[in-house]
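The values are calculated or read from the model by the stated rules, or taken from the named source; none is laboratory data. Quantities reported herein were computed from a predicted structural model and do not represent experimental measurements. No Cβ is skipped: glycine too gets one built from the backbone with ideal geometry, and neighbour counts run over all protein chains shown.
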Amino acid sequence: MEADSKKIPNTFGIDVTAAKLLEYDSEEEFQKLSAAGYITMPYLHVGGGSNLLFIGNYKGTILHSRIKGIEVLMENEEAVSVRVGAGVVWDDFVAYCVAHHWYGAENLSSIPGEVGASAVQNIGAYGVEVKDLITSVETLNIQGEKRVYPVDECGYAYRKSIFKQPDMKSVFVTYVNFRLSKKEHYKLDYGAIRQELVKYPQVDLNAVRQVIMDIRESKLPDPKVQGNAGSFFMNPIVPRALFETLRQEYPDMPHYNVDSHHVKIPAGWMIDRCGWKGKALGRAAVHDKQALVLVNLGGATGMDIVALSDAVRASVRERFGIDLHPEVNLIDNG
């Protein structure tokens, strides 16, 4: 059904509207919208708008799923399989997993957005990517036809999936199927997780979730207070030879080994070394606690954010010879 407001939800706080904004609560409702011809070109499907930067007003149709529900499909002593609606808030799902003593999602606490978008973006944090938990993704195409993609057909890689490809623009996620463990296990060797856990009497799911939430809150601004989309840039993966050359000049350069030939370098560290942390360009700025985050200081347009992004990328390219790529999806006016 058509929403009361045509304002496009986005965590950057950019004031943008769509020519038409359609929301649906079920697969059947989407199929009716499609059959009746309500979905006009161009169109774009969004979740909570947590990984989008609109350059201007969208001249076409914005689609948004409000499909809810968390359904247990299988459960035994070792694991549980659940089917989750694309419109479920991601962090609500993580909280649900923790409350039910299901292991695997806790490191992804406090990531903004919705479940459907998590499968499109392959969200990740603190050593976990959502692809590690997904078993399959259910979809509808623009004609209302259903298809289920097993996880090995989803093309998952770092912040990538088949659903982000241009030729998949007409395919929309309706449900995501996850498998969580019921056997106690954690991933704690990332960031400051272990050192923060010493404040708690015991290590359990609630403690790990709280630590992740506290760490993120200390570094990342609340989009409800200061518009942002979380990490704006992907951490670049570079040839080991380039990393070794850079390390001669920057012995303190943090890094993560990807394989024998490639190394991942934190983009935030390079942006910080270029002097951008806390620096503003017009109404947009690099966050003063986490250089990977670009923020809306108030009244910024999409072009203001893009101008800052371009300036930051130019600095990193000039100093390190590395081209940063946005993790955030830039959307033109349709």
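Couple of notes before you dig in:
- Boolean, Gly191 is within 22 Å of Lys32 (Cα to Cα), out of contact with any strand residue (DSSP E or B) (no Cβ under 6 Å at 6 or more places or on another chain), assigned to a loop (DSSP other than H, G, I, E, B) and in contact (Cβ under 8 Å) with a residue 24 or more places away in the chain: no
- Residue under evaluation Gly48, criteria (1) closer than 27 Å to Leu297 by Cα; (2) in a helix (DSSP H, G or I), criterion not met: (2)
- Residue selection: Val211 fails the criterion of being over 25 Å from Asp288 (Cα atoms) and either touching a Phe, Trp or Tyr at 6+ places or on another chain (Cβ under 9 Å) or in contact (Cβ under 8 Å) with a residue 60 or more places away in the chain (or both).
- Boolean, Asn257 is within 30 Å of Tyr58 (Cα to Cα) and either in contact (Cβ under 8 Å) with a residue 12 or more places away in the chain or of a type outside the set (A, V, I, L, M, F, W, C) (or both): no
- Strands (runs of 3 or more DSSP E) contained in region 66-183 and holding at least 3 residues touching a Phe, Trp or Tyr at 6+ places or on another chain (Cβ under 6 Å): 79-85, 134-141
- Within region 103-137, the set of residues being out of contact with any helix residue (DSSP H, G or I) (no Cβ under 8 Å at 6 or more places or on another chain) and crowded, with 21+ Cβ neighbours inside 10 Å comprises Gly116, Leu133.
- Within region 275-334, tally of residues that are of a type in the set (A, V, I, L, M, F, W, C), outside any loop (DSSP other than H, G, I, E, B) and surrounded by fewer than 19 Cβ atoms within 10 Å (Cβ to Cβ): 7
- Counted residues, region 184-225 - those being farther than 20 Å from Ala95 by Cβ and crowded, with 18+ Cβ neighbours inside 10 Å: 1
- Of everything in region 70-81 that is aliphatic (A, V, I, L, M) and more than 11 Å from Trp102 (Cα to Cα), the residue that is farthest from the chain's Cα centre (by Cα) is Met74.
- Against the list (1) in contact with a helix residue (DSSP H, G or I) (Cβ under 7 Å, 6 or more places away or on another chain); (2) crowded, with 18+ Cβ neighbours inside 10 Å; (3) not in a helix (DSSP H, G or I); (4) not hydroxyl-bearing (Ser, Thr, Tyr), the condition Met253 fails is (2).
- The residue that is farthest from the chain's Cα centre (by Cα), counting only those in region 162-204 that are among the hydroxyl-bearing types (Ser, Thr, Tyr) and at pLDDT 90 or above, is Tyr200.
- Count of region 224-237 residues, restricted to those that are in a loop (DSSP other than H, G, I, E, B) and either within 18 Å of Leu308 (Cα to Cα) or of a type in the set (Val, Ile, Thr) (or both), is 5.
- Selection count, region 1-51, where residues are in contact with a helix residue (DSSP H, G or I) (Cβ under 9 Å, 6 or more places away or on another chain) and hydrophobic (A, V, I, L, M, F, W, C): 7
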